[in-house]
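The values are calculated or read from the model by the stated rules, or taken from the named source; none is laboratory data. If you're wondering where the values come from, they're calculated on a predicted model, not measured in any experiment. Please note: Cβ atoms are built from the backbone with ideal geometry, for glycine as well, and neighbour counts cover all protein chains shown.
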Amino acid sequence: MSKILVVTSGKGGVGKTTTSAAIGTGLALRGHRTVIVDFDVGLRNLDLIMGCERRVVYDFVNVINGEATLNQALIKDKRIENLYILAASQTRDKDALTLEGVEKIITELAEQFEYVICDSPAGIEKGAHLAMYLADAAIVVTNPEVSSVRDSDRMLGLLSSKSKRAEEGREPVSEHLLLTRYSPERVARGEMLSVEDVEEILSIEMIGVIPESQAVLKASNQGVPVILDEESDAGQAYSDAVDRLLGKEVPHRFLEVQKKGFLQRMFGGKE
Amino acid sequence: MNQADLLEKAPVFQLKGSMLALTILELSSNDLDALAIQLTEKVEQAPQFFQNTPIILALDKCTDDTKPLDLERLLTICREHGLSTMAIRSDRPADLTAAKALNIAVIPPSDARERPLAIAPAAETPAEPSLIPARVITHPVRSGQQIYAKNSDLIVMAAVSAGAELLADGNIHVYGPLRGRALAGINGNREARIFCQQLGAELLSIAGQYKVAEDLRRDPAWGKASQTCLNEEQLEISEL
Ligand SMILES: Nc1ncnc2c1ncn2[C@@H]1O[C@H](COP(=O)(O)OP(=O)(O)OP(=O)(O)O)[C@@H](O)[C@H]1O
Ligand SMILES: [Mg+2]
């Protein structure tokens, strides 16, 4: 049984592409045949984060337009078995995607793959709608701030009313919340919403809390999904999130303010 | 056509038994002047009833023998008030003779049960207001979503997010935090109320009178289970 999973947020720049890359890679690492599809036509960067930008020949729009076959456009990951990427077009605009085209390609992918991860563009307009329309499940990516939470709430509303499942009156899209760029220090200082605040406002299950981490920037500059950096807090937090997505019960980590190490206490000033 | 032909014709009629529900006008007095006045009153109250309505005139309960009953005048009074007499019911010899002279049918008195007819006054027959079931929402109402309960109450059994809007012609109940907008009695129903388990609304309105979050925040009921109703021109909020 294949599962179409959209990674969406409403608000831009909150970490959807980082999350799509990490979760998709994590699923493939656990043996699930997975494809990550970039829906952000005109602003593609999934290929950069996955480190395959130099191997993009054909993209999503080419396949929709019949200029290439799906197999020609799918890019196989060099590091991990079972992992493929379908890039977005850099030269086209958002209107290049049509509902019929998207439905045809995603359905075809669902026949070949266990997980089809749709990396949504920002906003709640056409692009975001196309990315979530066929979803069976959604990961709603949120930052711990009011405007991001509000947009996620909006997105949850659209998932429950504008998805194909909703339109056909089938079982609703299952909803998971992923809180990222979380900084316990800033929460303690009252500069950010806490996990509890966000959970209370959105009242859905939290699938992962990813800390604000230098490792993310480093990983994306190197074109390596951060989940492969097993030493990093963000990598471990994403790994936990993948386990939870697969139904495992894993306690949340990195929610508390870290005790400062010896050197930090020496040189980090007083707390 | 001769006699034999006519005899051979297929039967052109049938006699059938039936139990018709008929109205009976039961007279308790021979005072026809009083009857005329009282009938006129009744006709004014319920004109729709008195439109050539077939009746049986029951004279058998009329025990008043002070003066003889003028049957011809009685029939005229009935006709003038929209009642068409089919037969009289009586066993008094005088009545039977009069009926025969006027060519009107007579039926014998019976012990069948009869109940007084309640004739509804026409002017005061508003249709019984039929119950419109409340609209019940069991999922969270998210930012950007709007829910309207037309001609009924709205019941939400989950959270209502900031940026969501609830509208109802009746009352609004929220069994969860109310963080969005809630407008009750939007058709102008000043009796409508808003109930919620946790008041955190951006706006509350009843029949067009409203309060925004800025005012609501200062209310002691903020964050608590509360009810809001309209008192004169002011929204009144109280803890539950
Ligand atoms: N946990 C994190 N810690 C630190 N930086 C992060 C984290 N997650 C994401 N970022 C940074 O945030 C920026 C936006 O991330 P990303 O591109 O994944 O967001 P997006 O939601 O896909 O954006 P868009 O809406 O433009 O598609 C990037 O610079 C990324 O490195
Ligand atoms: Mg992105």
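Being more than 38 Å from the chain's Cα centre (by Cα) and modelled with pLDDT of 80 or more holds for only one residue in B:L39, B:L15, B:L35, B:L59, and it is B:L15.
State yes or no: is A:M155 closer than 28 Å to B:G200 by Cα, touching a residue at least 12 places away in the same chain (Cβ under 8 Å) and within 14 Å of chain B (Cβ to nearest Cβ)? Give the derivation first.
Details: closer than 28 Å to B:G200 by Cα: yes; touching a residue at least 12 places away in the same chain (Cβ under 8 Å): yes; within 14 Å of chain B (Cβ to nearest Cβ): yes.
It is true that A:M155 is closer than 28 Å to B:G200 by Cα, touching a residue at least 12 places away in the same chain (Cβ under 8 Å) and within 14 Å of chain B (Cβ to nearest Cβ).
Hey, any hits in segment B:62-81 for a residue that's under 21 Å from B:I119 (Cβ atoms) and loosely packed, with under 14 Cβ neighbours inside 10 Å? Within segment B:62-81, one or more residues are under 21 Å from B:I119 (Cβ atoms) and loosely packed, with under 14 Cβ neighbours inside 10 Å.
Of the residues making up segment A:220-250, those that are without any contact (Cβ under 8 Å) to a residue 24 or more places away in the chain, away from ligand 1 (no atom under 13 Å from the Cβ) and not in a helix (DSSP H, G or I) are A:E230, A:E231, A:G247, A:K248, A:E249, A:V250. Restricted to segment A:17-47, and to residues there that are within 10 Å of ligand 1 (Cβ to nearest atom) and part of a helix (DSSP H, G or I), the residue that is farthest from the chain's Cα centre (by Cα) is A:L46.
Pick out the one residue from A:K11, A:K16 that is within 14 Å of chain B (Cβ to nearest Cβ), among the charged types (D, E, K, R) and within 16 Å of ligand 2 (Cβ to nearest atom).
On the way: A:K16 fails: within 14 Å of chain B (Cβ to nearest Cβ).
Unique residue meeting the criteria: A:K11.
For (1) farther than 30 Å from B:R89 by Cα; (2) in contact with a Cys (Cβ under 6 Å, 6 or more places away or on another chain); (3) assigned to a strand (DSSP E or B), each residue gets a yes or a no:
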site	(1), (2), (3)
B:S110	no, no, no
B:R115	no, no, no
B:V136	yes, no, yes
B:S143	yes, no, no
B:G163	yes, no, no
B:N189	yes, no, no
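Have a look at B:A105, B:A94, B:A101, B:A112 and point out the one that is at pLDDT below 85 and either loosely packed, with under 13 Cβ neighbours inside 10 Å or assigned by TED's automatic domain parsing to the domain that holds B:M157 (or both). Give the derivation first.
Numbers: B:A105 fails: at pLDDT below 85; B:A94 fails: either loosely packed, with under 13 Cβ neighbours inside 10 Å or assigned by TED's automatic domain parsing to the domain that holds B:M157 (or both); B:A101 fails: at pLDDT below 85.
Among B:A105, B:A94, B:A101, B:A112, only B:A112 is at pLDDT below 85 and either loosely packed, with under 13 Cβ neighbours inside 10 Å or assigned by TED's automatic domain parsing to the domain that holds B:M157 (or both).
Restricting attention to segment A:104-135, the residues that are crowded, with 18+ Cβ neighbours inside 10 Å, assigned to a loop (DSSP other than H, G, I, E, B) and away from ligand 1 (no atom under 16 Å from the Cβ) total 3.
Okay, residues lined up against (1) crowded, with 23+ Cβ neighbours inside 10 Å; (2) within 13 Å of another protein chain (Cβ to nearest Cβ); (3) touching a residue at least 40 places away in the same chain (Cβ under 8 Å):
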| position | (1), (2), (3) |
| --- | --- |
| B:L167 | no, no, no |
| B:R179 | yes, yes, no |
| B:G185 | yes, no, yes |
| B:N189 | no, no, no |
| B:A192 | yes, no, no |
| B:F195 | no, no, yes |
| B:K224 | no, no, no |
